[in-house]
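Taken together, the values in this text are just the output of simple stated rules run on the coordinates, not laboratory data. Bear in mind the structure is a predicted one, so any value in this text is a computation, not a measurement. Cβ: placed from backbone, ideal geometry, glycine included. Neighbour counts: every protein chain shown.
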Amino acid sequence: MALDELQGEVDKVRLEWEEALASAGDPESLENLRVRFLGRKGKVSALMNRMKELEPHQRAEAGKLLNSLKQQVTDDLQKLQQALEREAAEQRFAQESYDLSLPGVWRPVGHVHPLTQVRLELEEIFLRLGFDVAAGPEVETEYYNFDALNIPAEHPARDEWDSFYVEGDLLLRTHTSPVQIREMRKRRPPVRIVCPGRCYRRENPDATHAQVFHQLELLWVEEGLTMAHLKWIIDEFVTAFFGADYEMRFAADYFPFTEPSAQVHIRPRSGGATGRHHAGWLEIGGAGMVDPKVLEEVEYNPEQYTGFAFGLGLERMAMLRWGIEDIRLFLQNDPRFLRQF
Ligand code: FA5
């Protein structure tokens with residue numbers, strides 16, 4: 001084959017290409033064209049194969065011819081493909097419309113459980129007042145839960161009808177007070193700790209009693225502490241947590257591990273209900289001066305040190321704050337309830 005013959009073939013294929021291109025109007029026919037011209041058995045490749053029929057000195061020239069054809073086909077294909085894509089996008093945009101007034105897609109995000117909110121807030125308040133946050137085991141020995149706290153063997157709480165026993169003398173702690181003993185054993189005065197945690201009692205559940213609930217224990221032991229300091233601390237935290245509209249008072253009570261002991265009551269200063277809150281005095285926990293027998297048990301000298309403690313029900317705090325009337329709601333994990341906090 002001579003060079004001009006090849007030139008003729010190239011021109012023919014080019015012409016065919018240009019005609020074919022003019023009629024291609026969608027991605028599928030474009031792909032067919034690509035195969036027809038650039039595919040392994042396509043027209044351009046067929047011409048390339050014929051190079052070997054040329055004299056060697058003509059091959060460089062022939063290569064240029066063929067490459068320019070191949071380049072043109074490749075460029076045209078690419079341009080047409082881009083044009084088709086652009087056209088398709090424009091068509092789609094013309095058909096689609098956006099209603100900017102539609103509400104967005106709401107993605108549910110979890111949040112902190114109301115009881116955890118109360119716990120974190122109380123921890124924050126007591127940290128500011130100089131207390132450490134401590135923790136103790138939920139499975140306790142009778143010694144820490146009762147004996148060390150001066151709760152005698154015949155006390156009804158020690159009955160298996162009132163407490164959940166695990167085995168032997170192990171039980172689920174009925175209050176957070178055993179942490180007092182554990183922490184006093186670990187530290188030397190001054191001791192200032194709070195301990196929030198889960199407690200368990202064999203109760204008949206009702207709107208204000210659960211079998212699993214939370215307390216926050218507070219303990220301060222140092223030289224020269226009196227009931228007035230206890231009252232001051234409670235006042236501080238009631239104001240910090242509930243606001244200045246609340247006041248507190250003590251009512252006489254009995255706990256084996258404190259002497260004297262008191263119930264802590266709070267109420268709105270106005271005396272009436274504020275918002276969703278209750279009217280009248282409400283008990284939020286127990287308190288008192290640490291009994292000297294308890295101090296002796298941890299080898300603190302009761303002649304030198306005095307201390308006070310209190311235990312609050314966290315559910316009670318949350319119920320007061322938000323006007324929740326049934327304690328069982330905290331454990332049911334019903335999103336309709338939880339979403340409100
Ligand atoms: C005690 O548990 C004492 N350890 C508190 C204490 C600590 C007194 C330090 C003195 C010094 P009491 O059994 O009253 O006391 O419980 C304290 C609070 O825990 C109650 O006021 C109540 O808010 C909460 N509470 C008790 N039992 C339940 C229950 N079954 N369900 C929900 N909350 C409870």
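Mean residue ellipticity at 222 nm from the helices of the chain, using -39,500 (n - 2.57) per DSSP H segment of n ≥ 4 over the full residue count, to the nearest 500 deg cm²/dmol? That comes out to -13000 deg cm²/dmol.
FRET efficiency for the pair Gln340 and Leu129, taken as 1/(1 + (r/R0)^6) with r the Cβ-Cβ distance and R0 = 25 Å, rounds to 0.25.
By the gyration tensor of its Cα atoms, with a ≥ b ≥ c the square roots of the eigenvalues, what is the shape of segment 112-240: rounded for a/c under 1.5, prolate for a/b over b/c, or oblate? Provide the component values of the computation, followed by the final result.
Details: a/c = 1.97, a/b = 1.34, b/c = 1.48.
Note, shape of segment 112-240 comes out oblate.
Tell me the angle of helix 114-128 to the major Cα principal axis of the chain, expressed in degrees between 0 and 90 and rounded to the nearest ten. So the inclination is approximately 70 degrees.
Between the helical axis of 59-95 and the longest alpha-carbon principal axis of the chain there is an angle of about 50 degrees. Residue separation of Glu138 and Lys79 scaled by 0.36 nm, minus their Cα-Cα distance, works out to 13.9 nm of gained length.
Roughly how many debye, to the nearest 20, is the charge dipole of segment 114-338 about its Cα centre, given +1 on each Lys and Arg Cβ, -1 on each Asp and Glu Cβ, and no other charges?
It comes to approximately 780 debye.
Largest mean-square fluctuation among Leu149, Leu225, Leu21, in a Gaussian network model of the chain whose springs join Cα atoms under 10 Å apart, belongs to Leu21.
When the Cα positions of Ala60, Leu115, Gln91 are compared along the charge dipole of segment 9-121, Ala60 comes out farthest toward the positive end, with charges on each C-beta of Lys, Arg, Asp and Glu.
Once you have the Kirkwood Rh of segment 114-338 from its Cα pairs, apply Stokes-Einstein at 25 °C and 0.890 mPa s and quote D in µm²/s. For these conditions, the coefficient is 136 µm²/s.
Against the longest principal axis of the chain, how steep is helix 3-23, in degrees 0 to 90 to the nearest 10, with axes from Cα atoms? Computed tilt is about 50 degrees. Among the GluC sites (Glu not before Pro) within segment 236-341, those in coil by DSSP and having at most 16 neighbouring Cβ atoms inside 10 Å are Glu299, Glu303, Glu325. In terms of its C-alpha gyration tensor, segment 3-96 has a prolate overall shape, because the principal axis ratio a/c (a ≥ b ≥ c, square roots of the eigenvalues) is not below 1.5 and a/b outweighs b/c. Neighbour counting of Cβ atoms within 10 Å sorts the residues His229, His111, fewest neighbours leading, into His111, His229.
A Gaussian network model of the chain, with springs between Cα atoms under 10 Å, assigns the largest mean-square fluctuation among Met184, Met51, Met289 to Met51. Sorting Trp232, Trp161 from the fewest to the most surrounding beta carbons within 10 angstrom yields Trp161, Trp232.
Name the shape class, rounded, prolate or oblate, that the alpha-carbon gyration tensor gives for segment 221-341, where a ≥ b ≥ c are the square roots of its eigenvalues, rounded holds for a/c under 1.5, and otherwise prolate holds if a/b is larger than b/c and oblate otherwise. Because a/c hits 1.5 or more and a/b exceeds b/c, segment 221-341 counts as prolate. Neighbour counts of other Cβ atoms within 10 Å put Glu183, Glu142 in the fewest-to-most order Glu142, Glu183.
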